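Q: Attaching a single structure in structure tokens format; questions to follow.
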Amino acid sequence: MGIQWLDMLIIFLYFIGILVIGFIFKKYVKSSEDYFLGGRSLPWWAIGMAIVVSDIGAHEFIGGAGGAYRFGFVQGNYDWIGCIPAMVISGLFFVAYFWRAGVYTVPEYLGRRYNIWIRVIQAIVWTLFMIGLTGILFWIISIFLNETLGWPMYISILVTAIVGGICVVSGGMGAVVMNNVLQLVVMFAGGIAIIGLGIHASGGMGNIVDNINNLGPEFADHFKLMLPTNTKTPYPWTAILFGLAFVLSPAYWIANQSIVQKALCAKNEWNAKAGMLWAAVLKTFIPLLIVIPGLIALSMTANGLSDGDRAIPFLIKELLPIGLKGLVFAIFFGAMIATIIGLASSAATMFTKDFYQLIAVKNKPDKHYLLVGRISTVVVLLLGILISSRGKIFENIGIFAAMQTMLAVFQGPTFAILLLGMFWKKANSAGGLAGMITGVVAAVLMFIFSKQIFPGYADPFLFIAWWSFVVGLVVTIVVSLFSKKALSDDKLKELTYSSSAINE
Amino acid sequence: MFFSFFDKIPMFGAKIIVILVLAVIMISVWALPNKYIYKGIDKPKLGHNLKLWVTGLMIVQIIIYMIF
């Protein structure tokens, strides 16, 4: 496989670095706030970098490059129109209000705004999703290391779980964020190295374009960012704009606990807002690091890979020299660890704060909830390992599409109630609950009958996201108008946007 | 089937719609009061003005969608 002792030494040192960060931050973890929110003390630049790593990790590098290999430049929409506008709205409005309200989780905000059932349902759904995603990420790691190093799958998964688990359980969210900062720096360096060497090996960007264009008419749209409505890919421009930019992306950047939790670690409101905007600045460059490697692999192999998700492992194996190969291995391995520990920490936060402390065991000393947070982090990792053993089912439809499909079921309705909860004072408890449930049911039904409702689309998850959002929005409005207002004006002022409140 | 209306819009028109969305967000941010933008900062400097951050971000996005 071309891995030499120098590469292995670099990988080993990288793992040691992750463990050291965990042990350094252990001394700062004295309370559950320290463990879950880094003591609310972090600066904007660290928050922004951590948010980007939480989002892209290695699954976007591998799955995103795989998407670029299959569909081309259109994959860049996930980071541009599919992120930047939503991140601006999330940072300037939602994150600011979450930070002001002093909540630990997004479901906690929804619980205060609507009712306890919405909080618990949201927490359960998001926790299950994060456990599922952790399982998928463990599975991606095993593919990656099997392809590049020939390691057995269980070895890769166990090493990841042990190194990442020690880091997050010791140092909490502070360690996760600092791990992410380190990760982003080396990730950018490694991504640039792969692109530089790939373009050089291909004889220049012009050759890459020519090679792909010569593959046949089905590759004619590989350099277009927006595709017509009759495209056979899952990404017609209408789906990108309505499903991704208007629904899935805001839902993701506003409601995703693993993202928002980093911003809630900010030392003040400006740092929370600026952290999200700094993440948007960094995200602007991410498509270059993801899409171009996918296109380079397509050009070099003449569409010869068995699966687009194998593009990045192929490039690492073929292009990188000794030493640099080890560094890039460490980057991707580290990126996966960073994403997994972020997910595990967020899932543990929601379990502890939105379920255990809220319903199961109330009024215990803070040290008790700190211990529960640590134990539940370990349990999330163990469940992820269990799920990863079934990960092969995702192979045929592509990792990225699989994750987006999972998100599409409940993100539309969640965004609908968050949007109305923040900007419409008449939205109430009954309306929010009805909107969320009917929206999710509508999404599930649309998935079941997708061939009849959306003929001609192989994977219409972006349309389903849009329509489940519309259903959730309409039902919440109608039910709220015909039921009693539940919150006092003082409470509403604290939890909803108004022109008078933003001046305070 | 639900978006058949948009089938008639040429790709140039689709680009214009996307660019308009970005431009509306950029302009809307300037309507926010400075007090809200600087909340948490005692002595604001030019670099703390998040409206400028958003403007820079959106201009880059608009250029990208104009080119590709």
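The values are calculated or read from the model by the stated rules, or taken from the named source; none is laboratory data. Not measured: the values here are computed from a predicted model. Cβ sites come from the backbone with ideal geometry, for glycine too, and all protein chains shown count toward neighbours. These area figures cover heavy atoms from the full protein model, side chains too; ligands, DNA and RNA do not enter into them. Shrake-Rupley method; radii C 1.70, N 1.55, O 1.52, S 1.80 Å.
Q: Which listed residue (A:487, A:199, A:409) has the Cα farthest towards the positive end of the charge dipole for chain A, taking +1 on Lys and Arg C-beta and -1 on Asp and Glu C-beta about the Cα centre?
A: Value: A:487.
Q: Summarise the long-distance tail of P(r) for the stretch A:246-353 by giving the % of C-alpha pairs beyond 22 Å.
A: Details: 2981 of 5778 pairs.
The calculated P(r) of the stretch A:246-353 puts 52 percent of pairs beyond 22 Å.
Q: Here's a follow-up. For each pair in A:267/A:353; A:267/A:491; A:262/A:484; A:30/A:362; A:224/B:8; A:283/A:493, compute the distance between the two Cα atoms and list the pairs where it is over 26 Å. All intermediate terms of the calculation are to be shown ahead of the outcome.
A: Details: A:267/A:353 21 Å; A:267/A:491 24 Å; A:262/A:484 35 Å; A:30/A:362 20 Å; A:224/B:8 19 Å; A:283/A:493 33 Å.
Listed pairs above 26 Å: A:262/A:484; A:283/A:493.
Q: Take the Cα atoms of the stretch A:20-169, find their three principal axes, and give me the spread along each one in whole Å, biggest first.
A: Cα spread of the stretch A:20-169 along its principal axes, largest to smallest: 48, 41, 34 Å.
Q: Averaging over every viewing direction, what projected area does the convex hull of the Cα atoms of the stretch B:25-68 cover, in nm²?
A: Over every viewing direction, the Cα hull of the stretch B:25-68 projects on average to 3.3 nm².
Q: I need the calculated FRET efficiency for the pair residue A:158 and residue A:449, taking r as the beta carbon distance and R₀ as 35 Å, to the nearest 0.05. Don't skip to the end; give the middle numbers.
A: Working: r = 41 Å, r/R0 = 1.18.
After rounding to 0.05, the efficiency reads 0.25.
Q: Let me ask you something else. On alpha carbon coordinates alone, what is the Rg over Rh value for the stretch A:185-280, Rh being the Kirkwood radius? Don't skip to the end; give the middle numbers.
A: Values: Rg = 19.2 Å, Rh = 17.2 Å.
Result for the stretch A:185-280 is an Rg/Rh of 1.11.
Q: Sorted by average packing, counted as other Cβ atoms within 10 angstrom per residue and highest first, what order do B:29-35, A:240-246, A:189-195 take?
A: A:240-246, A:189-195, B:29-35
Q: Next up: Express in whole angstrom the spacing between the alpha-carbon centres of the stretch B:1-51 and the stretch A:115-158.
A: Between the Cα centres of the stretch B:1-51 and the stretch A:115-158 lies a distance of 34 Å.
Q: For residue A:415, tell me the accessible area in Å² from a 1.4 Å probe, rounded to the nearest 10.
A: 10 Å²
Q: For the stretch A:172-247 and the stretch A:315-351, what is the centre-to-centre distance using only Cα atoms, to the nearest Å?
A: 18 Å
Q: If R₀ is 25 angstrom, what is the calculated FRET efficiency for the pair residue B:67 and residue A:210, using the beta carbon separation as r and rounding to 0.05?
A: Working: r = 20 Å, r/R0 = 0.78.
The calculated FRET efficiency here is 0.80.
Q: Taking only DSSP H segments of four or more residues, each worth -39500 (n - 2.57), what value at 222 nm results for chain A once the sum is divided by all its residues, to the nearest 500 deg cm²/dmol?
A: Using -39500 (n - 2.57) per qualifying helix, the result is -23000 deg cm²/dmol.
Q: Suppose each label sits 7 Å from its Cα in the direction of the beta carbon; what would the residue A:474-residue A:288 distance come out to in nanometres?
A: Placing both labels 7 Å along Cα→Cβ, they lie 4.4 nm apart.
Q: If you don't mind, there's one more thing I want to ask. Charges on Cβ only, +1 for Lys and Arg, -1 for Asp and Glu, centred on the Cα centroid of the protein assembly as shown; of A:231, A:431, A:157, which one is farthest towards the dipole's positive end?
A: A:431
Q: On to the next question. Ignoring ligands, DNA and RNA, what percent of the 1.4 Å accessible area of the stretch A:61-204 is carbon and sulfur?
A: 77 percent
Q: Restricting everything to alpha-carbon atoms, can you work out Rg to Rh for the protein assembly as shown with a Kirkwood hydrodynamic radius? Before the final figure, lay out each step's value.
A: Numbers: Rg = 22.8 Å, Rh = 24.0 Å.
With Rg and the Kirkwood Rh in hand, the quotient comes to 0.95.
Q: Let me know the Kirkwood hydrodynamic radius for the stretch A:34-76, please, with Cα pairs as the basis and the value in Å to one decimal. If you can, show how the numbers build up before the last one.
A: Working: mean 1/r = 0.0813 Å⁻¹.
The Cα-based Kirkwood calculation yields 12.3 Å.
Q: Which of the peptides A:440-451, A:74-85, A:284-295 is most tightly packed, and how do the rest follow, judged by the mean count of other Cβ atoms within 10 Å per residue?
A: Working: A:440-451: 16.2, A:74-85: 25.6, A:284-295: 22.3.
Result, highest mean Cβ count within 10 Å first: A:74-85, A:284-295, A:440-451.
Q: If you take each beta carbon of peptide B:35-42 and count the beta carbons of other chains within 10 angstrom, what is the mean? Show your work: numbers first, answer last.
A: Details: counts 3, 10, 6, 3, 11, 11, 5, 2.
Rounded to a whole number, the mean comes out at 6.
Q: Using Cα pairs under 8 angstrom and six or more residues apart, how large is the relative contact order of chain A, in percent? Intermediate results must be reported in sequence, preceding the final value.
A: Numbers: 875 pairs, mean separation 153.2, N = 504.
Relative contact order comes out at 30 percent.
Q: Suppose all protein chains stay in the model; what accessible area per residue would a 1.4 Å probe give for the protein assembly as shown, in Å²?
A: Details: 21090 Å² over 572 residues.
Roughly 37 Å² per residue, with all protein chains present.
Q: Moving on. Over the stretch A:269-387, what is the relative contact order in whole percent, taking alpha-carbon pairs under 8 Å and six or more residues apart?
A: Working: 38 pairs, mean separation 20.1, N = 119.
Computed value for the stretch A:269-387: 17 percent relative contact order.
Q: Something else now. Treat each spin label as a single point 7 Å out from the Cα along the C-beta direction, and report the residue B:41 to residue A:23 distance in nm.
A: Each label point is offset 7 Å from its Cα along the Cβ direction, giving 4.0 nm.
Q: How much net charge surrounds residue A:249 when only the other residues with a Cβ under 13 Å from the Cβ of residue A:249 are counted, with Lys and Arg +1 and Asp and Glu -1? Please report the intermediate quantities before stating the final value.
A: Details: positive: A:283; negative: A:55, A:79.
Summing Lys/Arg as +1 and Asp/Glu as -1 gives -1.
Q: Measuring from label point to label point, each 7 Å out along Cα→Cβ, what is the residue A:368 to residue B:51 span in nm?
A: Between residue A:368 and residue B:51, the label points sit 5.0 nm apart.
Q: OK, next. Given charges of +1 on the Cβ of Lys and Arg and -1 on the Cβ of Asp and Glu, with all other atoms neutral, how large is the dipole of the protein assembly as shown about its Cα centre, in debye to the nearest 20?
A: On the way: 39 positive and 25 negative charges, 340 e Å.
Charge dipole, the protein assembly as shown, about its Cα centre: 1640 debye, nearest 20.
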